[in-house]
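See below for the structure under consideration.
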Amino acid sequence: MSYPKIPLAQQVIQLCAAKGVSHVVISPGSRNAPLTIGFASHPEIKTYSIVDERCAAFFALGMAQELQQPVAVVCTSGSALLNYYPAIAEAYYSRIPLIVISADRPKHLIDVGDGQTIRQENVFENHILYTANLKQDLGENNERFSKGKNIPSFILDKLLSISETRIEENQGFINRAINIAIEKNGPVHINVPFAEPLYENQDSFTEEITIVAPKKSTDVLDRVHFNEFIENWNSAEKRMVLIGVNTPHKIAQDFLDFLGNDSATIVFTESTSNVHHPNFFPGIDKIIAPLSDSEFSELQPDILLTIGGLIVSKKIKVFLRNRQPKAHYHLGEDKAFDTFFCLKYHFKISENSFFKELCTSSVPIESGYQTKWLSVKNIRTEKHSNYLATLPHSDFKAFEAVLNTLPDNIVLHLSNSSTIRYIQLFDSNPNIVQYCNRGTSGIDGSTSTAIGHAAVSSVQNVLITGDLSFFYDSNALWNTNIPNNFRIIIINNSGGGIFRILPGDKNTNIFETYFETTHNLTAEHLCKMYGIAYSVTSEGDSLKNELNNFFIEGNSPKLLEVFTPRTINDKLLVGYFSHLVD
């Protein structure tokens, strides 16, 4: 084994290992050499080398998403660190534990013209749970100090005392950073200044570490607010539950069945909620988009309980902001968002603990609320099927064909913009779990995240993506960790098709150049360069034929590029919502 001689690097590595950080994604550099050597040599840590820091951070985020535990990313000093920011913001809003470890120059070399040097301390302060700005070692990596050359004894004693204090402080910072990532499910930043020499190694760790264990979460129900909630719940004839981004299998099915069988309760679910019941209401926009003012009034809940993360549907946001419930409560250990500007209280306990109390305290009430809206749901489902049966090859038909062909028991990843919004219009297969980076809703890291998730998953992972999202993150394929059973499906409509749905003249050079950003790109040459099996189709029947064998495991990952007409998709989507009203 080869471990860094620098004590500060040893402390970071040992504390990460001691706290169960077993996956570390490293981007190449020199200043981070002590960390790279130590992590790569550690027998309990698996390391991954990814050149592009933006891709590396999203790759780590995908792994943390699957493992439900912190994953670390390590980079050199300078602008390399800034490339982590999109994934850090996503981790912050999606509550995913990410440990960012950046090597830095010593403080006296900042802002003096030294190469590859920026102000790294607190650089993520608006989107980070905690920043540990470690203090530079005064020990092993400083030959003059360690040997005491030309230093009076009283000064040497003082420096040794300072060094011991710094070691204690630094270990406190590192412990706190990793613990916060574990306890609060989010990103933290550890900035580590190293002086040269950087490449001195030894056979073992020599630094003693002090381990501070993370605090265990406690499920303590606030009885005062719960009593208030249950009083409002039991008096409400119209109870609404809205479930956003949610980890699969997090909520016990017995509790979901309890909600689904309550005639006074309707449960709206998004694709990424990963919960299912015959009486739940997926496809929110499909159900509420055609409603009249009087129907919106009928739907308006007396009480609203939200669960999980951020919501995709803009229509449900507008509805609940304009017709607010009398009381809105949020449930879950992570952050609550006052999305509808009427949040009354946040129950910061596990969903299962809360529902255990609710099931014993809830009083059945006679209500036609659920029955009424189930009949609406059935009508919408029939109109949905009838409309799609009339459509030519298009984005809408491509999504239908792909969803009807997906095998059970896979992990499905969705890119942002058009992809997730189309998927929301279809009922979800309960045997497929779904993920999408909805923390910031950006297109920048969908492919990297999906590949990271797949790299530590025991089942097949499939990514459905738009063309802009795919090409934007094409460096994600520069990765030797892509499993052979990984699949990518690109719906390529030659631009940002979602912008065609927005108001404004679509037949101008400004629109096509700066909004839709039309192009003639194809993924074929990227696949050839990265060793990915490529297939292509641009017709409905051909698409179905290609999909028949697409998911069978082969000797490499596979990518299917589905070309659709650029200028008809927006008209067909607008026509869809018009058809639901008729």
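Can you tell me how the stretch 432-486 classifies by the Cα gyration tensor, rounded, prolate or oblate, using a/c under 1.5 as the rounded cut? Note, shape of the stretch 432-486 comes out oblate.
At 0.36 nm per residue, minus the direct Cα-Cα distance, what do residue 385 and residue 109 gain on full extension? Give it in nm, one decimal, please.
92.8 nm
Under the shape rule built on the C-alpha gyration tensor, where the axes satisfy a ≥ b ≥ c, the stretch 299-458 is oblate, since a/c reaches at least 1.5 while a/b does not exceed b/c.
Centre-to-centre separation between the Cα atoms of the stretch 274-338 and those of the stretch 1-17: 49 Å.
When peptides 197-207, 260-270, 119-129 are ranked by their average number of other Cβ atoms within 10 Å per residue, the highest-first order is 260-270, 119-129, 197-207. Distance between the pseudo-spin-label points of residue 342 and residue 359 (7 Å out from Cα toward the beta carbon): 3.0 nm.
With both bridge residues required to lie in the stretch 3-201, what share of the DSSP beta bridges run antiparallel, to the nearest 5%?
On the way: 1 of 24 bridges.
Antiparallel: roughly 5 percent of the beta bridges in the stretch 3-201.
When the Cα positions of 416, 527, 337 are compared along the charge dipole of the chain, 337 comes out farthest toward the positive end, with charges on each C-beta of Lys, Arg, Asp and Glu.
Only aspartates and glutamates eight or more places from residue 5 in sequence, or on another chain, were considered; those with a Cα closer than 16 Å are 137, 140, 143, 196, 200, 203, 207, 208. Extending 7 Å from Cα along the Cβ direction at residue 579 and again at residue 168 yields two label points whose distance is 7.2 nm.
Straightening the chain between residue 249 and residue 404 buys 53.5 nm, computed as 0.36 nm per residue apart minus the Cα-Cα spacing. Would you mind pulling out the separation of the Cα centroids of the stretch 108-123 and the stretch 210-235, in Å? Answer, in whole Å: 44.
A Förster radius of 45 Å, combined with the Cβ-Cβ distance separating residue 371 from residue 82, puts the computed FRET efficiency at roughly 0.25. Each peptide in 53-66, 498-511, 333-346 gets a packing score, the mean of other Cβ atoms within 10 Å over its residues, and the list from highest to lowest is 53-66, 333-346, 498-511. Which entry in (i) 71, 57, 46; (ii) 137, 48, 44; (iii) 90, 62, 43 is this structure's computed Cα extents along the principal axes in Å? The calculated read-out lines up with (iii). Taken about its Cα centre, the stretch 391-581 carries a charge dipole of roughly 140 debye when the Cβ of each Lys and Arg holds +1 and the Cβ of each Asp and Glu holds -1.
Which stretch or stretches of the stretch 504-518 have amide N atoms under 17 Å from the point lying 7 Å from residue 318's Cα along the Cα→Cβ direction? Residues 504 qualify, since their backbone N sits under 17 Å from the label point. Rounded to the nearest 500, the 222 nm mean residue ellipticity of the chain from helices alone is -11500 deg cm²/dmol, with -39,500 (n - 2.57) taken per DSSP H run of at least 4 residues. Assuming charge only on the beta carbon of Lys and Arg (+1) and of Asp and Glu (-1), the dipole of the stretch 170-259 about its Cα centre is about 400 debye to the nearest 20. What is the calculated FRET efficiency for residue 213 to residue 431, with r their C-beta to C-beta distance and R₀ = 45 Å, to the nearest 0.05? E(calc), rounded to 0.05, equals 0.75.
Once the chain from residue 2 to residue 326 is taken as fully extended at 0.36 nm per residue, the excess over their C-alpha distance is 110.4 nm. Selection among 201, 226, 190 by position relative to the dipole of the stretch 182-228 gives 226 as farthest towards the positive end (Cβ unit charges, Cα centre). Ordering 349, 320, 362 by the projection of their Cα atoms onto the charge dipole of the stretch 223-376, which places +1 on the Cβ of Lys and Arg and -1 on the Cβ of Asp and Glu, puts 320 at the extreme positive end. About its Cα centre, the chain has a charge dipole of approximately 460 debye under the convention of +1 per Lys or Arg Cβ and -1 per Asp or Glu Cβ, with nothing else charged.
With each label modelled as a point 7 angstrom along the Cα→C-beta vector, the residue 501-residue 350 pair spans 3.7 nm. Provide the percentage of antiparallel DSSP beta bridges, counting only those with both residues in the chain; round to the nearest 5. Within the chain, antiparallel bridges account for around 5 percent of the total.
Cross-link reach is defined here as a Cα-Cα straight distance under 20 Å, omitting same-chain residues fewer than 8 places apart; for residue 383 the lysines meeting it are 286, 315, 372, 397, 571.
What separates the Cα centres of the stretch 505-582 and the stretch 439-497 is a distance of 14 Å.
Using only the alpha carbon atoms of the stretch 3-201, find the Kirkwood hydrodynamic radius as the inverse mean reciprocal pair distance, in angstroms to one decimal.
16.9
Every number in this text was worked out from the coordinates using simple rules, so none of it is lab data. The shown structure was predicted, so the numbers you read here are calculated from the model rather than taken from an experiment. Here Cβ is always computed from backbone atoms with ideal geometry, including for glycine, and neighbour counts include all displayed protein chains.
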